[in-house]
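Peer 1: Quick one: the structure is below, questions incoming.
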Amino acid sequence: MLELTLTGWVLAVIAAMAVGLAKGGLAMVGLIAVPLLSLVMSPVQAAGLLLPVYVVSDAAGLIAFRRHFSAPVLATSLPGAVIGIGIGWATAHLVPVEGVTLIVGLIGLVFALNALIRPALAGQARQPSLRRGSLWGTLAGYTSFVSHAGAPLWQVYVQPLRLPAMVYAGTTTWFFAVTNWIKLLPYALLGQLNLPVLKTAAVLTPVSLVGVWLGLRLIRIIPQRLFYQLITWGLLAVSLRLVWQGLA
């Protein structure tokens with residue numbers, strides 16, 4: 001396995017729990033996973049370590065949300081995600097992770113502030129759009145490939161649709177499950193899924209499954225209005241963290 005200090009293992013366990021909570025419906029929580037692990041290893045290694053944890057957690061999330069998802073939203077966004085992953089793979093050695101992190105943080109920050117400052121506008125439900133879905137799906141796929149940070153850009157497309165909380169959570173789980181499965185091959189070809197990484201991920205996976213269970217419990221009891229307020233404030237907090245991380 002990877003050689004981690006006690007602090008490293010503590011952060012890894014917290015990151016795995018965050019991944020599980022994300023797959024249980026609290027998508028924004030998962031964004032802290034890579035930044036946390038980046039405190040004790042490179043962001044590239046952190047992303048490689050967490051990908052197998054994401055994939056196994058995805059399977060549990062898909063079982064839980066097998067009846068709760070929006071097919072039109074997935075149909076308009078997943079083709080773009082595949083393109084974004086391809087771009088990320090092709091440019092993996094050219095684009096600095098810090099620059100992508102900063103851009104994701106700025107976009108999420110603007111969207112969250114807009115939703116908080118103009119809540120009436122934010123409450124007007126849109127319909128799924130191939131144009132918007134392709135754009136934000138591509139960007140979410142790209143940033144998900146680089147640092148598992150696709151959630152803010154995905155939320156820019158999906159939150160204005162005002163889906164029911166369970167459908168929102170399920171659609172998000174399906175979107176990122178598919179993108180994570182697709183990412184396995186390019187990650188392996190880039191050497192990020194070696195044996196020590198896979199062994200360490202296997203130890204962390206049970207923690208993430210507990211997180212999936214806990215996330216499912218929470219998403220079923222949170223009122224929908226409060227749910228959207230929480231994810232908006234969560235987006236704001238995470239975006240600020242990403243901007244700081246990109247600048248630092």
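Peer 1: Ile63 versus Ala75, label points 7 Å from Cα toward the beta carbon: distance in nm?
Peer 2: 2.9
Peer 1: Please sort 14-21, 64-71, 48-55 by packing, taking for each peptide the average over its residues of neighbouring beta carbons within 10 angstrom, highest first.
Peer 2: Per-residue mean Cβ counts within 10 Å order the peptides as 14-21, 48-55, 64-71.
Peer 1: Here's something else I'd like to know. Classify the range 150-214: rounded, prolate or oblate, from the alpha-carbon gyration tensor (a ≥ b ≥ c, eigenvalue square roots; a/c under 1.5 rounded; otherwise prolate if a/b is larger than b/c)? Let's see the in-between values first.
Peer 2: Working: a/c = 3.50, a/b = 1.65, b/c = 2.12.
It comes out oblate by the Cα gyration axes.
Peer 1: Just to confirm, what accessible area per residue do you get for the chain at 1.4 Å probe, in whole Å²?
Peer 2: Working: 10980 Å² over 248 residues.
Per residue, the chain has an accessible area of 44 Å².
Peer 1: What number, rounded to the nearest 500 deg cm²/dmol, is the helix-based mean residue ellipticity at 222 nm of the chain, given -39500 (n - 2.57) per DSSP H run of at least four residues and division by all its residues?
Peer 2: -26000 deg cm²/dmol, from helical runs alone.
Peer 1: Rounded to a whole number, what % of the accessible area of the chain do carbon and sulfur atoms account for, probe 1.4 Å?
Peer 2: 72
Peer 1: A further question follows. Starting from 0.36 nm per residue, how many nanometres of slack lie between Trp9 and Val203 once their C-alpha separation is accounted for?
Peer 2: Working: separation 194, 0.36 × 194 = 69.84 nm, distance 1.04 nm.
Gain on extension, Trp9 to Val203, equals 68.8 nm.
Peer 1: If Lys and Arg each add +1 and Asp and Glu each add -1, what is the summed charge of the other residues whose beta carbon sits under 10 Å from the beta carbon of Arg126? Walk me through the intermediate numbers first.
Peer 2: Working: positive: Arg132, Arg162; negative: none.
So the environment of Arg126 carries a net charge of +2.
Peer 1: Mind checking the dipole of the chain: about its Cα centre, +1 per Lys or Arg Cβ, -1 per Asp or Glu Cβ, Debye to the nearest 20?
Peer 2: It works out to roughly 780 debye.
Peer 1: Using only Cα atoms, tell me the angle between helix 97-117 and the longest principal axis of the chain; keep it within 0 to 90° and round to the nearest 10.
Peer 2: 30
Peer 1: By how many degrees, between 0 and 90 and to the nearest 10, does the Cα long axis of helix 165-189 differ from the longest principal axis of the chain?
Peer 2: 30
Peer 1: How high is the FRET efficiency between His93 and Ile117 when r is their beta carbon distance and R₀ equals 35 Å, given to the nearest 0.05?
Peer 2: Calculated transfer efficiency: 0.35.
Peer 1: When the Debye formula is applied to the Cα atoms of the chain, each taken as the same point scatterer, what base-10 log of I(q)/I(0) results at q = 0.16 Å⁻¹?
Peer 2: Summing over Cα pairs of the chain leads to -1.15.
Peer 1: Under 12 Å from a point 7 Å along the Cα-to-Cβ line of Gln229: which residues of the range 136-157 have their amide N that close?
Peer 2: The answer is none.
The values are calculated or read from the model by the stated rules, or taken from the named source; none is laboratory data. Given the structure is predicted, the values throughout are model-derived calculations rather than measurements. Ideal geometry is used to build each Cβ from the backbone, glycine not excepted, and the neighbour counts take in all protein chains shown. Heads up: the accessible areas ignore ligands, DNA and RNA and are worked out on the full protein's heavy atoms, side chains in. Shrake-Rupley method; radii C 1.70, N 1.55, O 1.52, S 1.80 Å.
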